[in-house]
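Trainee: The structure is given below, and queries will be raised subsequently.
The values are calculated or read from the model by the stated rules, or taken from the named source; none is laboratory data. In this text the structure is predicted, and so the values were computed from the model without any measurement. Here the Cβ is made from the backbone with ideal geometry for all residues, glycine too, and neighbour counts use every protein chain on show. SASA here: full protein model, heavy atoms, side chains in, ligands and nucleic acids out. Shrake-Rupley method; radii C 1.70, N 1.55, O 1.52, S 1.80 Å.
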Amino acid sequence: MSTPVVLVAGLHAQARTTVVDRLLKDHPGAVSIHHDLREVTRGRVERVTRDASGVVDRAEVRLAHGCVTCTVREDLVPELLRHAATAPLLIAELWDSVEPRSVAEALDGEEIHGTLRLTSVLTALDAEHMPVDICRGDRLAETGRRAASGDDRYLAEVLARQIEYATGLLIHVGDGDDEDVELSRAVLGHLAPTTPASLTHETPPAVTGPALCVDELAARVDPATAQLPCDSQTGEISTVVWHRLRPLHPGRLFEAVDELVTESVRSRGRFWLANRHTNMLAWDAVAGIVSVEDAGPWLAALPEAAWEMISPARQMAASLDWSPIIGDRVQHLVFTGPELDRDRIHSLLDSCLLTPEESVAGSDAWNGYDDPFAHILDLKETA
């Protein structure tokens, strides 16, 4: 019988500790393992092991290379396996800026199956700080939360991924009040509307059930298959969805990017540039920082013989957008922020679409457009 493993992620240490303490109390004999990465850039990591009685072991771990991947591979996985025979539940409490996806996928190895099973990914959030942190444009290095040398991620970017990947969200009240809780619930309801959210003192989610499918977790957030939020309004918070079937002009969209990302707090989705007719592009922005990446070919650009190699989730997502003329090519972007002007966002993005005259010119003409995204996309493709 395999031992259940739950990941507890989150930028806010006190919130994480509260969640872990509750799990240790509710599951006698459970063991929690935490790696403090404050010194990881020097190749040193402190491992702290706890049970319901408190800290049972502290050890300094020295790594050949100071990074999260090395910590997970060289120490976390062996420690989980070492405790699997005696603990009814294992808890991996992740360092502030560690994104749970990388750890979840590391626990999906063949050598682990049958001994450990990942059953839950929880993100602990502070009700007072989360709504502020999701808007912050600071890099992790500026806040002392880097997970490796050269870690240039942004704090809000990490927080968004911790929220959107989780199977459960737990809100810690701490020094906050009812207004903080209400705002946090509203924000989470827009960023991850299908993920259960509860307060840390309420009944926690079940963590000893069947194994999660890591591929399904990935499909929930990957651009080609992501379960994007719908149009909604909660108090002052808005989510605006833009969905169209014409290609975008690269120059006009590039000119609109700054306005789009500064008006919203979080935006993401998939889109189609006229001059990049074969490939889906991914849009990911938070706290004014935008990333545009190549997300692979549209299924319509592939020969049918290649479809059997495509995941069922990808095929299902494509079928929902399928058109007899353009296949699965689509514009599907979602914007969340305070009091967004839906008409303004739609009007701005609509102005970036090809005009009817440009549309009928066809892909040969589109390929000749100047592409200001080239320095971003082509650099990432060759990196």
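Trainee: Kindly indicate whether Ala219 is of a type outside the set (S, T, N, Q) and without any contact (Cβ under 8 Å) to a residue 40 or more places away in the chain.
Mentor: No.
Trainee: Thr203 fails exactly one of the following numbered conditions: (1) among the polar types (S, T, N, Q); (2) farther than 30 Å from Gly114 by Cβ; (3) in contact (Cβ under 8 Å) with a residue 60 or more places away in the chain. What is the number of that condition?
Mentor: Answer for Thr203: the failing condition is (3).
Trainee: Can I ask one more? Restricting to the stretch 51-92, what's the tally of residues that are part of a strand (DSSP E or B) and farther than 22 Å from Ala148 by Cα?
Mentor: Count: 7.
Trainee: When you go through Ala211, Ala160 one by one, which is the residue that is among the aliphatic types (A, V, I, L, M) and closer than 30 Å to Trp272 by Cα?
Mentor: Ala160
Trainee: Turning to a different aspect of this structure: When the residues of the stretch 256-278 are filtered to those that are free of Cβ contacts under 8 Å to residues at least 60 places away in the same chain and open to solvent by 40 Å² or more (accessible area, probe 1.4 Å), which remaining residue is farthest from the chain's Cα centre (by Cα)?
Mentor: Per the stated criteria, the residue is Thr278.
Trainee: Also, quick follow-up: Could you count how many residues in the stretch 8-41 are of a type in the set (S, T, N, Q) and in contact with a Gly (Cβ under 9 Å, 6 or more places away or on another chain)?
Mentor: 3
Trainee: Follow-up question, since we're still on this one. Need pairs with beta-carbon distance below 7 Å; first residue open to solvent by less than 10 Å² (accessible area, probe 1.4 Å) and within the stretch 106-125, second charged (D, E, K, R); sequence gap 6+ or separate chains.
Mentor: Ala124/Arg16
Trainee: Applying the selection to the stretch 87-98, what residues are modelled with pLDDT of 95 or more and either in contact with a His (Cβ under 7 Å, 6 or more places away or on another chain) or open to solvent by 20 Å² or more (accessible area, probe 1.4 Å) (or both)?
Mentor: Matches in the stretch 87-98: Pro88, Leu89, Leu90, Glu93.
Trainee: Counting only residues that are open to solvent by 70 Å² or more (accessible area, probe 1.4 Å) and among the charged types (D, E, K, R), give me the helices (runs of 4 or more DSSP H) lying completely in the stretch 287-383 with at least 2 of them.
Mentor: 342-350, 374-382
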